[in-house]
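Nothing in this text is a laboratory measurement; each read-out follows from the coordinates by a stated rule. Please read all numbers here as calculations on a predicted model, not as lab measurements. Cβ placement follows ideal geometry from the backbone for every residue including glycine, while neighbour counts extend to all protein chains displayed.
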Amino acid sequence: MKVTIVRDYNELSSKTAQLIIEQIINKKNSVLGLATGSTPNGMYKELIRLNQEGKVDFSEVITFNLDEYYGLSPEHPQSYHFFMWDSFFKHINIKKENVHLLNGITENIAKECKQYEALIQKSGGIDLQVLGIGNNGHIGFNEPDISLNGRTHLVNLTAKTIRANSRFFNNAREVPKQAITMGIGTIMQAKKIFYWLTAKEKPGLLKEQ
Ligand code: GLP
């Protein structure tokens, strides 16, 4: 494991964007695992800028997002589907058919999860997975006590996660109680992973590293 300490958020955003660019330069049809939350915003902005300047080409890139709230439609402004299109995909030259997001309003959760896993396998597996970490240590929406072998599945969100994520909603009651997430087993199959931890927001987690 390689640890890089950065000075500030700008450096975090440009360094992580650079890791993605290097991956795409090495393999133009790279399969990226992408994350949401507030930390990736700067990295997505930097990637948009570099794409618009012609320094990175997403035309053959394939993406799979980590997770989605269960019960939110793709059009819901707080769905991860909406977030990803609004803050990243619509600004770059990625093909719509190469973008994969879990369907938060699926009527068949088991089928949705199985299909997602199958699509990841069919694409050759994730080359580079981007991970954030929730303030209780959750990864994707895998809460800390979850099985390390799990695949994409439905999870119940803990009260702490609901409280933390209520900052994106009008209040905690609006936050869905469940989500669909890649499992730790799915994530660990990625060929490379990077994750960030911001000292200011998560000092407790940093001490545990
Ligand atoms: C959400 C996402 C996680 C993400 C977390 C932290 O809960 N499901 O994948 O890691 O937010 O986000 P932030 O970057 O805002 O700290």
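For region 1-66, the list of trypsin sites (Lys or Arg not before Pro) that fall in a loop by DSSP and count at most 16 other C-beta atoms within 10 angstrom reads LYS2, ARG7, LYS27, LYS28, LYS55.
Straight Cα distances below 19 angstrom link LYS177 to the aspartates and glutamates ASP67, GLU68, GLU75, GLU107, GLU112, GLU143, ASP145, with same-chain residues fewer than 8 positions distant left out. Report the calculated FRET efficiency for ASN10 and ASN136 (r = Cβ-Cβ distance, R0 = 30 Å), to the nearest 0.05. It comes out at approximately 0.65. To the nearest 0.05, how large is the calculated FRET efficiency for LYS45 and ALA172 if R₀ is 22 Å and r is the Cβ-Cβ distance? Result of the calculation: an efficiency of 0.20. When shorter helices are ignored and each DSSP H run of at least 4 residues is given -39500 (n - 2.57), the per-residue value for the chain at 222 nm works out to -10000 deg cm²/dmol. Dividing the mean sequence gap of close Cα pairs (under 8 Å, 6+ apart) by how many residues region 1-76 holds gives a relative contact order of 37 percent. Based on the Cβ-Cβ distance from GLU107 to SER38, what FRET efficiency comes out when R0 is 35 Å, to the nearest 0.05? For GLU107 and SER38, the calculated efficiency is 0.70. Each residue in GLU117, GLU53 was given a count of other beta-carbon atoms within 10 angstrom of its own, and listing them fewest first yields GLU53, GLU117. Taking the Cα centre of the chain as origin and assigning +1 to Lys and Arg Cβ atoms and -1 to Asp and Glu Cβ atoms, the resulting dipole is close to 300 debye.
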